[in-house]
Every structure is written in C-alpha cells, then in structure tokens.
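The values are calculated or read from the model by the stated rules, or taken from the named source; none is laboratory data. The model shown is predicted, which means the values in this text are computed figures rather than measured ones. Accessible surface is based on the protein model in full, side chains and every heavy atom, while ligands, DNA and RNA are left aside. Shrake-Rupley method; radii C 1.70, N 1.55, O 1.52, S 1.80 Å.
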Amino acid sequence: MSKSLFEVLKEGILYPKRFLQGRMEPTNQTIQNIQPGQGAIIELDGKKVAAYRDPAGKVILHSAVCTHLGCIIHWNETDKTFDCPCHGSRFNADGSVKNGPAARSLDPAK
C-alpha cells in the first residue's frame, strides 16, 4: 500500500524533530537494570547504545543509530524489537532488520 502525499510530507516535516529528539533525550536505563528478554537504549561512553539481554542472560550491544537515516531507535516492549521513530524501520533484538526501509542491520556498538 503506497502512502498518500500528505503522509509523505508529514514524515518529511517531522524527521528533523525526531532526529534531534532521540539524541537529546536522557537515558534512564543501565545494563544492570535490563532483565532477560528485555531491551533498552542506554548510554555508554557518551553514545546511545541498543542493549538487549537474551533469555540466557547474555547482553547484546549495537549502535542505537538507525542505519536508514540516522535517527535514534527505541525499544518496543510489546514486539521485542528496536523501532525507529523517523521512518518506521524495525530491528530484531539481535540487530538484524525486521522491516525496512533500513536495508542493513544495526552496527555493532563501539
């Protein structure tokens, strides 16, 4: 289903706000607070990081920057995905792309 012209224009207008908002929002999570099967955006060394603790307790870290146009992703508790508020890309907890427009997985955290 294609988007209407109004929807495309609305996304374009909201993009700068969403791009900046994700970078300016403080994070209130830490790796220690993330329970098995949960994810969050945390800050490590001044960078936003997508953190997921798998059911076995292993922590998986990726950059929280969407690979489509660089917005900061958010954890979707219901679907257990990292979602981009700018253009709707969704990433699995392991960082792989679930739905585009992003064409590549999240970068590893550095």
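The Kirkwood radius of segment 53-92, taken over pairs of alpha-carbon atoms, gives through the Stokes-Einstein law at 20 °C and 1.002 mPa s a diffusion coefficient of 199 µm² s⁻¹. Using alpha-carbon positions, what is the distance between the centroids of segment 29-43 and segment 81-105, in Å? Cα centres, segment 29-43 to segment 81-105: 18 Å. On a 19 Å Cα-Cα criterion, which of the cross-link pairs 58/98; 47/80; 47/110; 48/110 come out too long? Result: 58/98; 47/80 exceed 19 Å.
At the residue level, residue 43 shows approximately 100 square angstrom of accessible surface with a 1.4 angstrom probe and all protein chains present.
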